[in-house]
């Protein structure tokens with residue numbers, strides 16, 4: 001399951017880098033269960049940051065960084 005939980009467009013020149021900060025709330029890391037209620041997930045999840053969807057090759061996007069994190 002994939003979900004967009006934040007979006008900020010930045011422009012970079014060749015070999016330029018910028019620091020971008022964001023925060024994920026417990027609600028951002030929750031799923032909707034049968035009765036429409038939010039349930040916080042736990043365990044290992046992948047968080048991806050970059051110019052497109054992880055695992056989808058596209059000539060116009062790139063530099064996707066994915067990190068496996070554990071939610072207790």
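Values as computed for the structure displayed
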quantity: Search result, residues across the stretch 26-44 that are assigned to a loop (DSSP other than H, G, I, E, B), surrounded by 10 or more Cβ atoms within 10 Å (Cβ to Cβ) and free of Cβ contacts under 8 Å to residues at least 24 places away in the same chain; calculated: 26, 28
quantity: Test: residue in the stretch 33-43 that is on the phi < 0 side of the Ramachandran plot, out of contact with any strand residue (DSSP E or B) (no Cβ under 7 Å at 6 or more places or on another chain) and modelled with pLDDT under 85; calculated: no
quantity: Residue pairs meeting the criteria (Cβ under 8 Å; at least 6 apart or on separate chains; first touching a residue at least 40 places away in the same chain (Cβ under 8 Å), in the stretch 1-25; second surrounded by 10 or more Cβ atoms within 10 Å (Cβ to Cβ) and part of a loop (DSSP other than H, G, I, E, B)); calculated: 2/53; 2/54
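The values are calculated or read from the model by the stated rules, or taken from the named source; none is laboratory data. In this text the structure is predicted, and so the values were computed from the model without any measurement. As a convention, Cβ positions derive from the backbone with ideal geometry for all residues, glycine included, and neighbour counts pool all protein chains shown.
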